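The values are calculated or read from the model by the stated rules, or taken from the named source; none is laboratory data. All values reported here derive from a predicted model rather than from experimental measurement. Cβ placement follows ideal geometry from the backbone for every residue including glycine, while neighbour counts extend to all protein chains displayed. We work out accessible area using only protein heavy atoms, side chains counted, and drop any ligands, DNA or RNA first. Shrake-Rupley method; radii C 1.70, N 1.55, O 1.52, S 1.80 Å.
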Amino acid sequence: MPTASQHRRQYARNKETITSVKSLESPPKDWIITMAFYAAVHLIEGVIVERTDRGTNDHKTRRKVMNTISILKPIGGKYLTLEEYSHRSRYRCEHFKDEDVNKILGYLDSIEAHLNLKTSSGN
């Protein structure tokens, strides 16, 4: 199982990749959405590992554990939206608009801001 710091590094790499892909002439919106979701996964897994000493192995378990950790409860709705959009991208091959990408990246930024502000305040 990766450590909390390994999850944070992966989150940072995902964010860097999103920035690079967004700079393309015609950025693939579906991949940006998917990368945003997985960036959130790593950010949240880092908190889970810090609080429980072990991570989760699947999305369903992660959602359940998120409901037991007070710092993660307020971002649950945004996380679920990221997961839903990523699922639509990966499995339904939906096409997205710039507004969709902006919404998802805004949710990711909101999750990051919440966790950065609260990570030292305990469970």
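Just to confirm the number: angle between the C-alpha axis of helix 98-118 and the first principal axis of the chain, 0 to 90 degrees, nearest 10?
20
Near Lys64, which aspartates and glutamates are there with a Cα under 13 Å away, not counting those fewer than 8 places off in the same chain?
Cross-link targets: Glu45.
Only Cα pairs within less than 10 Å get springs; with that Gaussian network setup on the chain, which residue of Ser20, Ser110, Ser89 has the largest fluctuation?
Maximum fluctuation in the GNM of the chain, among the listed residues, is at Ser20.
If ligands, DNA and RNA are left out, what is the accessible area of Thr68 with a 1.4 Å probe, given in Å² to the nearest 10?
Approximately 100 Å² of Thr68 is accessible to the 1.4 Å probe.
Tell me which lysines have Cα within less than 16 Å of Lys60's Cα, excluding those fewer than 8 residues away on the same chain?
Output for Lys60: Lys73, Lys78.
Of the heavy-atom accessible surface of segment 1-121 (probe 1.4 angstrom), what whole percent is carbon and sulfur?
49
Kindly express, to the nearest 10 degrees and within the range 0 to 90, the angle between helix 4-22's C-alpha long axis and the longest C-alpha principal axis of the chain.
10
Running Debye on the chain with equal point scatterers at the Cα sites and no solvent, what base-10 log of I(q)/I(0) appears at q = 0.15, 0.22 Å⁻¹?
-0.65, -1.31
Work out the FRET efficiency for Ser70 and Ala12 from their Cβ-Cβ distance, taking R0 = 35 Å, and round it to the nearest 0.05.
Details: r = 25 Å, r/R0 = 0.70.
According to the calculation, E is roughly 0.90.
Work out the length of the dipole vector of the chain about its Cα centre, built from +1 on the beta-carbon of each Lys and Arg and -1 on the beta-carbon of each Asp and Glu, and round it to the nearest 20 debye.
Computed about the Cα centre, the dipole is about 360 debye.
For Cα pairs less than 8 Å apart in space and 6+ apart in sequence, what is the mean separation divided by the residue count of segment 6-123, i.e. the relative contact order in percent?
Averaging sequence separation for qualifying contacts and normalising by length gives 32 percent for segment 6-123.
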